[in-house]
Amino acid sequence: MNRAKDLVQVLEKANITAIFRTNTQRNQQTVSPLAEFLDITPFIYADDQQLVSQILTQHSGKVILVAGHSDTIRPIIESFKGNPDNCRLTGNEFDNLCVIIINGSNQTNVINLQYGKPSP
């Protein structure tokens, strides 16, 4: 839970307007402190392609947080035409933050950041 609180500090000034998470307990625990701080009710997603479509149609140009898993982030990054190799995740790392930036010319950059206590 400490890492989730660290995420609040990292993202509190990022102007996040929507939060998406899967239905797992870990994702819920990860986003809850930030969602409460920002007074945002997270959307629960089950399908990566529906998630991408919803973001592009309803949240285009906005700052969004998506809490995913090591096996779902790669296809999400690819759907936004980003290079998933710029954010390599394993199932044992929980301190990664992949930032996807889409500029006006549909060029996508992916940046891999870390937050909180390093994963073992």
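The values are calculated or read from the model by the stated rules, or taken from the named source; none is laboratory data. A quick note: this is a predicted structure, and the numbers were derived from the prediction, not measured. Quick note on the areas: whole protein, heavy atoms, side chains included, nothing else; ligands and nucleic acids left out. Shrake-Rupley method; radii C 1.70, N 1.55, O 1.52, S 1.80 Å.
Below are the figures for this structure:
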{"quantity": "Added length on full extension, which subtracts the Cα-Cα distance from 0.36 nm per residue, I102 to R3", "calculated": "33.0 nm"}
{"quantity": "Protein accessible area in the range 76-120, 1.4 Å probe - carbon and sulfur %", "calculated": "48 percent"}
{"quantity": "Structure-based [θ]222 nm, the chain - -39500 (n - 2.57) summed over DSSP H runs of at least 4, per residue, nearest 500", "calculated": "-11500 deg cm²/dmol"}
{"quantity": "Relative contact order [Cα under 8 Å, 6+ residues apart], the chain, whole percent", "calculated": "25 percent"}
{"quantity": "Reachable lysines from K13, criterion Cα separation under 24 angstrom, eight or more residues apart if same chain", "calculated": "K5, K62, K117"}
{"quantity": "Per residue accessible area in Å² of the range 1-101, where ligands, DNA and RNA are left out and the probe is 1.4 Å", "calculated": "60 Å²"}
{"quantity": "Integer Hz, Karplus 6.51/-1.76/1.60 couplings in order for the range 77-87, x for Gly and Pro", "calculated": "4, 4, 5, 8, 6, x, 8, x, 5, 7, 9"}
